[in-house]
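**Student:** This is the structure, below, for whatever I ask next.
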Amino acid sequence: MPDLLLELRSEEIPARMQRKAAGDLRKMLTDGLVEAGLTYEAARDYWTPRRLALDIRGLTARSKDIREEIKGPSTTAPEQAVQGFLRKAGLSSIAEAHVHSDPKKGDFYVAHIAKPGRAAEEIIAELVPAIIKSFPWPKSMRWGPASAKPGSLRWVRPLQSIICTFGPETEEPVVVDFEIDGIRAGNVTYGHRFHAPGPITVRRFDDYVAKLEAAKVVLDADRRKEIILHDARNIAFANGLDLVEDEGLLEEVSGLVEWPVVLMGEFEQDFLTIPGEVIRLTIRANQKCFVTRPQGASDDLSNRFILVANIEATDGGKEIAYGNGKVVRARLSDALYFWKTDQGDLPDLDQLVDSAAKFDLDLKKPLDQRMARLDHLNVTFHAKLGTQGQRVERIKRLAEELAPAVGADAALVARATVLAKADLQTEVVGEFPELQGAMGRKYAILQGEHASVAAAAEEHYKPQGPSDRVPTDPVSVAVALADKLDTLTGFWAIDEKPTGSKDPFALRRAALGVVRILIENRIRLALTSVFAKAFANFKGGADQSSDLLAFFHDRLKVYLRESGARHDLIDAVLSAGSRPISPLVGEMSAKPTEGGAVPPASHSVAPPSLPGISLTRGEISQSPNDDLLQIVRRVEALGSLLDTEEGKNLLAGTKRAANILAAEEKKKTLVAETVEPALFRDGAEKKLYAAVNQAEKEAGQAIQNEDFSAAMLALSVLREPVDSFFEGVLVNDEDQAVRANRLALLARIRAATDQVADFSKIVG
């Protein structure tokens, strides 16, 4: 089977675009080949800063001949239908069609279409130029005299040559001949720009790779990464250091060089007074270099750094390392200036007095000064949501409300909130925005703030992704929740919600952050009550608590599904919690059972607060579904029950009861308001009634104690009496009163199980 080699060589491709571009080229070409009727055994893409390459093995030499029949209209069909058939089949006249007969439908037209197969070279010669012209680069350019012409070739950087060879291993491959904007495909490429700039003639992929390697080009990007990482570790170890590894930087650097040469540079020890994060970012952002630390050290950095050159210098790289060191020193001098400036007084202190008074700030402290300036300058957060200073005021009010609920000291929460955004006015964060929060923590520690206040300056941004840790310090938790909830309610109030795949303000991430903070810290919170307080901070904005709660439920589903929970169990719990309390349930819960006990109402029990949580009974009972932690516990307990045989059988019986009841309610069949034991005619009815009373009582008590596993266990005893009831009792009895009473008994089953989940939503 023939193999295909394709190389598109150009000027340097930005490192961030290379991996995706190579993948796009592979997908576009293989999809096109398959669509044209060819098959292949394997395909792999490669890239360097100056080339994209494809190795496609086992490609068929020719597409198959195709014969197909296209059925047309009846021979008596109107002319319009006949013309439509001709256009579809590609026929010039009806005389080219055949007539087939059907005993039932009569005579009808059929087009016999024969498409002869095509040589792979012909298909490739059409496909590759089309791909090059339509390639999805994020940014592309035109160049040379041809760029003045409409429709001229666009590429990420000027395209210089194309290799396209095709053929089996046992024969000399052919060059697939095509041309695009004056560049004709051939079998010639070029090696390293400095070490081997001359032309290289290649045949197929194996000798292509070998000749490039001899010309100082490592084609495989993953191998370049391995070389860089291995050599960097070794050179660091040889100097008594450890490499501070950085996967993102490693990926980028491997896209900057075709022949990686790892070297070590250094800077003065005095620069180590700068925080390690600042040093690392300075060297990373400006010189694409790795930092090192003394062996065994966890935080301290050394004054040596690792750089990757693209050339083997005759002096062993001394001048390259020295030159990089000069640039690093200059950048670190700037960083040192920023670091020291941030610890000094601002020149406009006299203008910050009013802002300092508003937030109870101490203008003798550098970080307090920065917060006062943030407010004084009226830095905009969002055109419709006011300034950063106004936002800090809102977050402070909300965080103080949340403090008791998360067990945090209110005074520390207030202090943490007013300092949390202060580092946005620091010089270091102005230069390196990605250090916001981290620098706030450092500056807070330097001016003697409480450890929890300093931690909150950094941790209130967390979690910033699914793999990021959540804050656990109560002060950080309060500020993080207030920050995210203010963002969410604010954008909901101005109707700037996520739509489809668009989420410019990262509101899904903010909501998922709230979900993770509450669940992973096991915090009980009545979200609708908190939403109402947050929405009240936005004058003129509508309270959209119910819509925002539904958004949180979607994020909770994502979180639980990623944790392994079944989607139907989540829907079952949410559906039960959103169902309104019916008069039937209220009446039942007030009527004594046979034993004289009063069964509890399905939704009237308010779970007690956890230690350190100050939520009122009324706040919790407003909406059972606004307590995310309780939802999670119910889902876990429901999953455990359905893993047992009793649970599976109970599910079947309960769903049968719910389906019968729903069907009769739809037909407006009379359902008794209460179950009357006097109307029982069968022992199975009495047995089920007693079991429902007992299960409802025990499940209700278990829910009150927040023991959802015990609640499920209490419901599981219904399995046998429910089975017996359906085996021996006809629900739709001819006697209307008996039928209404039996339907009421089914309603009792549904109400009992609805305390924890809507079983009708469960698959199975």
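**Student:** Could you please report the charge total around Asn659, scoring K, R as +1 and D, E as -1 over all other residues with beta-carbon less than 15 angstrom from its beta-carbon? Mind showing how you got there, number by number?
**Tutor:** On the way: positive: Lys655, Arg656, Lys666, Lys667, Arg742, Arg750, Lys761; negative: Glu664, Glu665, Asp754, Asp758.
Summing Lys and Arg as +1 and Asp and Glu as -1 gives +3.
**Student:** Separate question: In what sequence, largest accessible area first, do Asp568, Asp707, Asp733 appear using a 1.4 Å probe?
**Tutor:** Numbers: Asp568 10, Asp707 70, Asp733 30 Å².
Ranking Asp568, Asp707, Asp733 by accessible area, largest first, yields Asp707, Asp733, Asp568.
**Student:** What number, in nm² with one decimal, is the all-direction average of the projected area of the convex hull of the alpha-carbon atoms of the stretch 257-383?
**Tutor:** Numbers: hull surface 47.4 nm².
If you wrap the Cα atoms of the stretch 257-383 in a convex hull and average its projections, you get 11.8 nm².
**Student:** May I pose another question? Based on Cα positions only, what radius of gyration and what Dmax would you give for the chain, in angstroms?
**Tutor:** Spelled out, the Cα radius of gyration and Dmax of the chain are 36.1, 105 Å.
**Student:** On to the next question. Given Gln295, Leu398, Ile70, which one lies farthest toward the positive end of the charge dipole of the chain, if we put +1 on the Cβ of every Lys and Arg and -1 on the Cβ of every Asp and Glu?
**Tutor:** Ile70
**Student:** Within 12 Å, Cβ to Cβ, of Tyr461, how many net charges do the neighbouring residues add up to if Lys/Arg are +1 and Asp/Glu are -1? Present the calculation step by step, with values, prior to reporting the outcome.
**Tutor:** Values: positive: Lys421, Arg441, Lys462, Arg469, Lys484, Arg509; negative: Asp423, Glu434, Glu458, Glu459, Asp468, Asp483.
Residues near Tyr461 contribute 0 overall.
**Student:** Given the options Ala61, Pro49, Thr39, identify the residue whose Cα lies farthest towards the positive end of the charge dipole of the stretch 1-134 (+1 on Cβ of Lys, Arg; -1 on Cβ of Asp, Glu).
**Tutor:** Pro49
**Student:** In Å, the Kirkwood hydrodynamic radius of the stretch 9-146 over pairs of distinct alpha carbons? If you can, show how the numbers build up before the last one.
**Tutor:** Values: mean 1/r = 0.0531 Å⁻¹.
Result for the stretch 9-146 stands at 18.8 Å.
**Student:** With the contact rule set at Cα under 8 Å and sequence spacing of 6 or more, what percent relative contact order holds for the stretch 159-277?
**Tutor:** Numbers: 131 pairs, mean separation 20.1, N = 119.
Relative contact order of the stretch 159-277: 17 percent.
**Student:** Taking every Cα atom in the stretch 626-676, find the radius of gyration and the maximum pairwise distance Dmax, and write them in Å.
**Tutor:** In Å, with Rg to one decimal and Dmax whole: 15.4, 38.
**Student:** What does the charge dipole of the chain about its Cα centre add up to, to the nearest 20 debye, if the Cβ of each Lys and Arg holds +1 and the Cβ of each Asp and Glu holds -1? Can you show the working numbers first?
**Tutor:** Details: 97 positive and 111 negative charges, 255 e Å.
It comes to approximately 1220 debye.
**Student:** Now, a different point. Which value, to two decimals, describes the C-alpha radius of gyration of the stretch 36-107 once divided by 2.2 N^0.38 Å? Before the final figure, lay out each step's value.
**Tutor:** On the way: Rg = 22.3 Å, N = 72, 2.2 N^0.38 = 11.2 Å.
For the stretch 36-107, the normalised Cα radius of gyration is 2.00.
**Student:** In whole percent, what relative contact order does the chain give with Cα contacts below 8 Å and a gap of six or more residues? All intermediate terms of the calculation are to be shown ahead of the outcome.
**Tutor:** Values: 1262 pairs, mean separation 54.8, N = 764.
Reported relative contact order: 7 percent.
**Student:** Same structure, new question: Could you do me a favour and compute the accessible area per residue for the chain, 1.4 Å probe, result in Å²?
**Tutor:** On the way: 35170 Å² over 764 residues.
For the chain, the per-residue accessible area is 46 Å².
**Student:** Regarding the stretch 638-739, what are the three Cα extents along the principal axes, ordered largest first, in Å?
**Tutor:** On the principal axes, the stretch 638-739 reaches 41, 26, 23 Å in Cα extent.
**Student:** For the chain, return all DSSP H helices satisfying: extent of Cα atoms along own axis at least 27 Å; mean Kyte-Doolittle hydropathy at least -1.0. Could the numbers behind the result be given before it?
**Tutor:** Details: long enough: 15-35 (31 Å, -0.57); 318-342 (36 Å, -0.47); 474-493 (28 Å, 0.90); 645-666 (32 Å, -0.63); 683-704 (32 Å, -0.68).
Sorted by number, the helices that extend far enough and score high enough are 15-35, 318-342, 474-493, 645-666, 683-704.
**Student:** Please work out whether the stretch 432-483 counts as rounded, prolate or oblate from its C-alpha gyration tensor, where a ≥ b ≥ c are the square roots of the eigenvalues and a/c under 1.5 means rounded, while otherwise a/b larger than b/c means prolate and anything else oblate? Display every interim value, and only then the final one.
**Tutor:** On the way: a/c = 2.27, a/b = 1.26, b/c = 1.80.
Because a/c hits 1.5 or more and a/b fails to exceed b/c, the stretch 432-483 counts as oblate.
**Student:** Something else about it: With θ taken as phi - 60° and the coefficients 6.51, -1.76 and 1.60, list the Karplus ³J(HN,Hα) couplings across the stretch 62-71 in order, rounded to whole Hz; mark glycine and proline as x.
**Tutor:** Each residue of the stretch 62-71 in turn: 7, 6, 6, 5, 10, 10, 9, 10, 10, 6 Hz.
**Student:** Below 8 Å between Cα atoms, with a sequence gap of 6+, how large is the relative contact order for the stretch 617-742 in percent? Intermediate results must be reported in sequence, preceding the final value.
**Tutor:** On the way: 93 pairs, mean separation 41.7, N = 126.
Rounded, it is 33 percent for the stretch 617-742.
**Student:** Counting Lys +1, Arg +1, Asp -1, Glu -1, what net charge surrounds Ala408 among other residues with beta carbon under 10 Å of its beta carbon? Could you put the intermediate results ahead of the total?
**Tutor:** Values: positive: none; negative: Glu400, Asp409, Asp473.
Result for the local shell: -3.
**Student:** If I compute solvent accessible area with a 1.4 Å probe over the protein chains, what percent of it on the chain is carbon and sulfur?
**Tutor:** So the carbon and sulfur contribution to the accessible surface is 50 percent.
**Student:** Of all the C-alpha pairs in the stretch 403-544, what % are more than 24 Å from each other?
**Tutor:** Numbers: 3302 of 10011 pairs.
Counting every Cα pair in the stretch 403-544, those more than 24 Å apart make up 33 percent.
**Student:** Turning to a different aspect of this structure: List the lysines whose alpha-carbon lies under 23 Å from that of Lys668, not counting same-chain residues fewer than 8 positions away?
**Tutor:** Lys655, Lys761
**Student:** Another question about this same structure. For the pairs Lys396/Lys421; Lys364/Lys462; Lys648/Lys686; Lys421/Lys557, note any where the Cα-Cα span goes beyond 20 Å. The partial results should precede the final answer.
**Tutor:** Numbers: Lys396/Lys421 11 Å; Lys364/Lys462 29 Å; Lys648/Lys686 23 Å; Lys421/Lys557 31 Å.
Pairs exceeding 20 Å: Lys364/Lys462; Lys648/Lys686; Lys421/Lys557.
**Student:** Please enumerate, by chain and number, the lysines with C-alpha under 30 Å from the C-alpha of Lys139, excluding those fewer than 8 residues away in the same chain.
**Tutor:** List returned: Lys20, Lys27, Lys149, Lys216, Lys225, Lys288, Lys497, Lys502.
**Student:** Same structure again: Taking H placed 1.01 Å from N in the peptide plane, check which residues at least 5 places from Trp155 or on another chain put their amide H under 5 Å from its amide H.
**Tutor:** The list, which skips near neighbours in sequence, is Met141.
**Student:** Please state the shape class of the stretch 279-341: rounded when a/c is under 1.5, otherwise prolate if a/b exceeds b/c and oblate if not, all from the C-alpha gyration tensor.
**Tutor:** oblate
**Student:** Give the lysines whose C-alpha is closer than 28 Å to that of Lys88, dropping any in the same chain fewer than 8 places away, or say none.
**Tutor:** Lys64, Lys71, Lys104, Lys105, Lys115
**Student:** To continue, here is another question. Give me the distance between the Cα centres of the stretch 689-763 and the stretch 420-477, rounded to whole Å.
**Tutor:** Each part reduced to its Cα centre gives a spacing of 52 Å.
The values are calculated or read from the model by the stated rules, or taken from the named source; none is laboratory data. As the structure is a prediction and not an experimental result, all values here were calculated from the model. Note: ideal-geometry Cβ built from the backbone for every residue, glycine included; neighbour counts use all protein chains shown. SASA here: full protein model, heavy atoms, side chains in, ligands and nucleic acids out. Shrake-Rupley method; radii C 1.70, N 1.55, O 1.52, S 1.80 Å.
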